[in-house]
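First up is the structure itself, then whatever we jot down about it.
Since every read-out is calculated from the coordinates, none of them should be taken as a lab result. Values in this document were obtained by computation on a predicted structure and should not be read as measured data. No Cβ is skipped: glycine too gets one built from the backbone with ideal geometry, and neighbour counts run over all protein chains shown.
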Amino acid sequence: MFVGRDEVGLRSETVRRANLSAIVRELHLRGSLSRSELVAWTGLTRSAIRSLVGDLVAGDFVVEEPAVRLGTPGRPSPQVRLVADNIVVIALEIAVDSLAVALVGLGGQVHWKDRVDRPRAHSTVDDIVSDLHELVDQAMAQRPSDDAPIGIGVAVAGLVRPADGVVTVGPNLGWIDVPLGERLTAALGLHAPVSVANEADLGALAEIRRGAARGS
């Protein structure tokens, strides 16, 4: 079967994007790494790491810092570190009696956060979406630029259908089949994907990725 140049180019670009994502993911989860460590963690070749890191530096996603000499043979490998300020996500929590927001950068760096009490009677979908909109506006006001977040994550006390962000049952909120993801996407108007999940599931994931269970 003949494969045209355009299709080959598309495949190459897809592979390149996947490799860039692999590097950013390792730096996001593990912190600053040397090029040699990136080779080990991603499985990419040294030449690929050198080229891809160069692309990320040019895009202001990472910086390379002088290598630390450890007294081992060979030339030390430069350290690669994420630029935490340039790309952010918004994290939201709908708890039983409070609402919370955080502005989080690459590497998990929390730039700003706030929590407000929520009377339990104040739990209609309209009320909570409106309050979250205000919190998001406050969070975005902390940004030095007008760049939109690349994503919005929502933790909610209830059973969630992750595929479409529907809260199927929220017993403490009195919610049944609430399309929370859709409602927030429309209300916030930030052109960023909104992901909704159960707060306990996200808490467990946080412990695995960055807490007491990390590496287990």
Point to revise | Theoretical FRET efficiency, 1/(1+(r/R0)^6), r = Cβ-Cβ of residue 40 and residue 112, R0 35 Å, to 0.05 | key: 0.50
Check your understanding: Taking Cα atoms, how many degrees apart are the long axis of helix 46-58 and the longest axis of the chain, rounded to 10 and kept between 0 and 90?
Key -> 50 degrees
Check your understanding: Roughly how tilted is helix 5-30, in degrees to the nearest 10 and between 0 and 90, from the longest Cα axis of the chain?
Key -> 70 degrees
Exercise for review: Compute the acute angle (0 to 90°) between the alpha-carbon long axis of helix 199-210 and the principal axis of greatest extent of the alpha-carbon atoms of the chain; round to the nearest 10°.
Suggested key: 20 degrees
Revision key, fill the gap. Given Cβ charges of +1 for Lys and Arg and -1 for Asp and Glu, the option among 22, 141, 204 whose Cα lies farthest towards the positive end of the dipole of the chain is 22
Point to revise | Within the stretch 101-131, trypsin sites (Lys or Arg not before Pro) in DSSP loop having at most 14 other beta-carbon neighbours inside 10 Å | key: 120
Point to revise | Cα point-scatterer Debye curve for the stretch 8-164, base-10 log of I(q)/I(0) at q = 0.12, 0.14 Å⁻¹ | key: -0.68, -0.83
Point to revise | Distance cut-off 18 Å, percentage of C-alpha pairs in the stretch 88-210 lying past it | key: 49 percent
Revision key, fill the gap. Between residue 159 and residue 212, Cβ-based FRET efficiency (R0 45 Å, step 0.05) works out to 0.95
